[in-house]
Amino acid sequence: MVGDLLGWTDATARPLVDIALGHRIALLANALGPPPPDIVDAAHAIGVPVAALVGRADQARKQVEVGVDIVVAQGTEAGGHTGEVSTLVLVPEVVDAVAPKPVLAAGGIGSGRQAAAALALGAQGVWTGSIWLTTQEAMVMTSDVVRDKLLAATSRDTVRSRSLTGKTARLLRTEWTEAWEAEDSPGTLPMPLQFMLSADALQRIHRSGNEELVIMPVGQVVGRMNVVRPVAEVIDELVREFDETVAGLAGAG
Ligand SMILES: Cc1cc2nc3c(=O)[nH]c(=O)nc-3n(C[C@H](O)[C@H](O)[C@H](O)COP(=O)(O)O)c2cc1C
């Protein structure tokens, strides 16, 4: 069963970390709570820095306590597992909570203007997810139905839902997310049980191409993902807009 394969328990995550640390990786990034200190030590022993995603300032402090090197402050706008605080509010809170540790801003960043704003908030850089979902390179693993839904979605077409994993994750709003919110819903199970329960059904839905039910984690920035483009073009535009924005702000001073 697909749900058994997930690295969301100590028993299933450790073998995955061992494989990752056996390769020449540049960073080990962790989410959903502080990593066990021995895993942080194992990464540091071979010179691999550890990053961690957080949605609250107190979570950021806990990550630094276990030795995390880079904190990713991810606002509620983000795709995937996400908390309640917006990026604009969260980033300065986290920057101040863990200074002088470097912080990357995440959640809702899809343009150079948003990246410049993140740096203005005190972040040292940005961490992005959703904007890559509609790149040409991503199309090898994206069905036509999902691609079309992503391109058509507005920034109001996502919802924080426990229906995928049992923890709140931002997903495209579909019949699946609506059914789990409905009055006659049995309610979701805690992680990791919800995904174990739903994984096989989700695979069948994915294969069927059923437009109403399809499941897709994505952030609010999906509203501006309206065309499939190569990664190089997305990066070029991001950097160009970032430079223009910073130059414009310097000129305004
Ligand atoms: C489809 C998808 C899958 C994701 N899976 C993971 C994951 O497995 N682990 C993780 O730490 N973050 C995951 N994320 C969150 C990203 O790492 C990132 O923090 C987030 O996408 C940033 O916000 P944005 O979507 O607004 O760019 C995922 C995001 C998306 C959109």
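The values are calculated or read from the model by the stated rules, or taken from the named source; none is laboratory data. Everything numeric here is computed off the predicted structure, so don't read it as measured data. Note: ideal-geometry Cβ built from the backbone for every residue, glycine included; neighbour counts use all protein chains shown. The protein model used for the area step is the full one, side chains on, heavy atoms only, and it has no ligands, DNA or RNA in it. Shrake-Rupley method; radii C 1.70, N 1.55, O 1.52, S 1.80 Å.
When Ala11, Ala20, Ala26, Ala52 are checked against the criterion of being closer than 20 Å to Pro192 by Cβ, open to solvent by 70 Å² or more (accessible area, probe 1.4 Å) and free of Cβ contacts under 8 Å to residues at least 24 places away in the same chain, Ala11 stands alone in meeting it. Taking residues in the stretch 157-176 that are open to solvent by less than 30 Å² (accessible area, probe 1.4 Å), and partners anywhere that are aromatic (Phe, Trp, Tyr), the pairs with Cβ atoms closer than 8 Å and at least 6 places apart or on different chains are Ser161/Trp180; Ser163/Trp176; Ser163/Trp180; Leu164/Phe195; Thr165/Trp8; Thr165/Phe195; Gly166/Phe195. Within the stretch 105-128, take every residue that is open to solvent by 40 Å² or more (accessible area, probe 1.4 Å), part of a helix (DSSP H, G or I) and within 15 Å of the ligand (Cβ to nearest atom) and give me the one that is nearest to Thr245 (Cα to Cα). It comes out as Arg113. Of a type in the set (D, E, K, R), more than 13 Å from the ligand (Cβ to nearest atom), open to solvent by 30 Å² or more (accessible area, probe 1.4 Å) and part of a loop (DSSP other than H, G, I, E, B): does that describe Glu93? For Glu93, the condition - of a type in the set (D, E, K, R), more than 13 Å from the ligand (Cβ to nearest atom), open to solvent by 30 Å² or more (accessible area, probe 1.4 Å) and part of a loop (DSSP other than H, G, I, E, B) - is not met.
Residues that are assigned to a helix (DSSP H, G or I) and of a type outside the set (Val, Ile, Thr) occur at least once in the stretch 97-104. Only one of the numbered conditions (1) more than 11 Å from the ligand (Cβ to nearest atom); (2) modelled with pLDDT under 95; (3) of a type outside the set (Phe, Trp, Tyr) is not met by Leu32, and that is (1). Can you name every residue in the stretch 29-43 that is in a helix (DSSP H, G or I) and closer than 22 Å to Trp127 by Cβ? Across the stretch 29-43, the qualifying residues are Ile39, Val40, Ala43. Among residues of the stretch 190-213 being in contact with a helix residue (DSSP H, G or I) (Cβ under 6 Å, 6 or more places away or on another chain) and assigned to a loop (DSSP other than H, G, I, E, B), the one that is surrounded by the most Cβ atoms within 10 Å (Cβ to Cβ) is Leu213. Among the residues making up the stretch 232-253, those that are open to solvent by 40 Å² or more (accessible area, probe 1.4 Å) and of a type in the set (A, V, I, L, M, F, W, C) are Ala232, Ile235, Val239, Phe242, Val246, Ala247, Leu249, Ala250, Ala252. Screening Ala153 on (1) out of contact with any Gly (no Cβ under 7 Å at 6 or more places or on another chain); (2) open to solvent by less than 20 Å² (accessible area, probe 1.4 Å) shows it passes everything except condition (1). Going by the structure shown, is Ala153 within 21 Å of Ala52 (Cα to Cα), of a type in the set (Gly, Ala, Ser) and within 13 Å of the ligand (Cβ to nearest atom)? No. Of all residues in the stretch 66-84, those that are without any contact (Cβ under 8 Å) to a residue 40 or more places away in the chain have Cβ atoms under 7 Å from Cβ atoms of residues that are in a loop (DSSP other than H, G, I, E, B) and open to solvent by 30 Å² or more (accessible area, probe 1.4 Å), 6 or more apart or on another chain, in Val66/Pro34; Asp69/Pro49; Val71/Lys101; Gly75/Val85; Gly75/Ser86. Of all the criteria given as (1) within 12 Å of the ligand (Cβ to nearest atom); (2) farther than 18 Å from Gln114 by Cα; (3) surrounded by 14 or more Cβ atoms within 10 Å (Cβ to Cβ), the one not satisfied by Thr76 is (2).
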